[in-house]
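Scroll down for the structure; my scribbles are underneath it.
FYI, it's all coordinate maths here, none of it is from the lab. Model, not experiment: these values are computed from the prediction. Cβ placement follows ideal geometry from the backbone for every residue including glycine, while neighbour counts extend to all protein chains displayed.
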Amino acid sequence: MPLTTPSGTPGNLTADQEAKLQELWLACLEVFGVSHDNNGTPVASGTSTPSQTDEPTKKKKSRRSLFGKKGHSKDNDSDGAFDATAGTDSNDKHGQTKEFQQALASQTPETLRNAFWAMAKHDNPDALLLRFLRARKWDVHNALVMLVSTMHWRAVEMHVDDDIMLNGELHALRQSKSAGSKAEQGEGADFLAQMRMGKSFLHGVDREGRPMCFVRVRLHRQGEQSEKSLERYTVYTIETARMMLKPPVDTAHGEHGTARHLIPDSAIYSKKAARTTDTRPQDYTPVKFMIKCFEANYPESLGSVLVYKAPWIFQGIWKIIKGWLDPVVAAKVHFASNEKELAEFVPIERVPRELGGQEAWEYRYVEPSPDEDAQMRDVEARRKWQGQRDEL
């Protein structure tokens, strides 16, 4: 385990970083419709703030005018407003500025606030905001754009918290056996197929104490699962890995070997797969989705990726994939061709034997129990506990 708290995380912030964190919180509170006084302290709904009493005729600012010129803080802006359409991130290859503006235009402050706390889960809220600040090099404007667009992606596009994680594996089992459409049955069956084969799995920690995700890419066959099912499975795996992070560790490690593509979450490449000379067309669609996840929606969550014993054909594939990656993410990808190089990242005794290691452990999928979500079906109890959390 790391002996020190990483720089730029709770407990190890410079004065300037602390100020940036406070500035981002104020911007978030404004987006979430939370009133605050001139010192930035939240006040109860309906309570007048000094600015409200002093200037009763002042027009309410549009939520699309949260930011002015790029890099301007509220200390430098006389009315504390910023123009969201100005000073956008020059490295916005995933179109997050557009998603940010769509979120402000189509969602209420309460909806955005709820989306934020649903995303936070068990994270230290400061740590969550700091991920976005570090990813955007402490530019508060760009960090807010990235944060809000991520919430829009989670709530509107992927339904991460109200579907994928809420319903889980049992929902997929029920889908696969339902009397519904073949498409619905297929989505459930596709999701479970990936779980049962162990296309990827979380197991153990690396030398830095980071949870490891092994991706057995040889098990992926283009067209076997629908694109929607692949994306759902990917998000489910990433979100599950989040639950295993324990401060001061706040990133995951990937071990990865591949004959087809690189997945930014790791896998060990078995000796048998390493001898494969697969010349079929490469399946890049899931790769692009995973890249977007880690670059746009899960910032500062990937510690490193290790590609182990990759076949010669992967050299050409890597040149293509590297061109899609942000240089910061690309720098986290490492290659190991033998046990000595592998051991620099992961003790060989922590790598399962089937993947070339020494650990006598095998992946076994535990089927969902039909009644494992019985407590969640207690609507009254859920409403009670959710209400208490909302109040907090």
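Structure above, values below:
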{"quantity": "Gained length - Phe335 relative to Glu380, 0.36 nm times residue gap less alpha-carbon distance", "calculated": "11.0 nm"}
{"quantity": "Highest to lowest packing among 359-372, 332-345, scored as the average C-beta count within 10 Å", "calculated": "332-345, 359-372"}
{"quantity": "Packing rank of 121-127, 206-212, 138-144, where each peptide gets the mean count of other beta carbons within 10 Å, highest leading", "calculated": "138-144, 206-212, 121-127"}
{"quantity": "Too-long pairs where the Cα-Cα distance tops 21 Å, listed order kept, from Lys292/Lys322; Lys93/Lys292; Lys98/Lys288; Lys137/Lys319", "calculated": "Lys137/Lys319"}
{"quantity": "Long-range amide H partners of Lys332 with built H, under 5 Å", "calculated": "none"}
{"quantity": "Stokes-Einstein diffusion coefficient of segment 279-349, Kirkwood radius over Cα pairs, 37 °C, 0.692 mPa s, in µm²/s", "calculated": "242 µm²/s"}
{"quantity": "Estimated Rh, segment 99-213: Kirkwood, alpha-carbon pairs, angstrom", "calculated": "16.8 Å"}
{"quantity": "Under-5 Å amide H pairs with Gly204, H placed in peptide plane, nonlocal only", "calculated": "Met212"}
{"quantity": "Residue-wise HN-Hα coupling along segment 385-390, computed from phi with Karplus coefficients 6.51, -1.76, 1.60 (Hz; x: Gly, Pro)", "calculated": "5, 5, x, 5, 5, 4"}
{"quantity": "Built amide H within the under 5 Å cut-off of His36, gap 5+", "calculated": "Val43"}
{"quantity": "HN-Hα J in Hz across segment 311-324 - Karplus 6.51, -1.76, 1.60, θ = phi - 60°, x for Gly and Pro", "calculated": "x, 4, 5, 5, 4, x, 5, 5, 4, 5, 5, 4, x, 8"}
{"quantity": "Integer Hz, Karplus 6.51/-1.76/1.60 couplings in order for segment 112-118, x for Gly and Pro", "calculated": "5, 5, 5, 5, 5, 6, 5"}
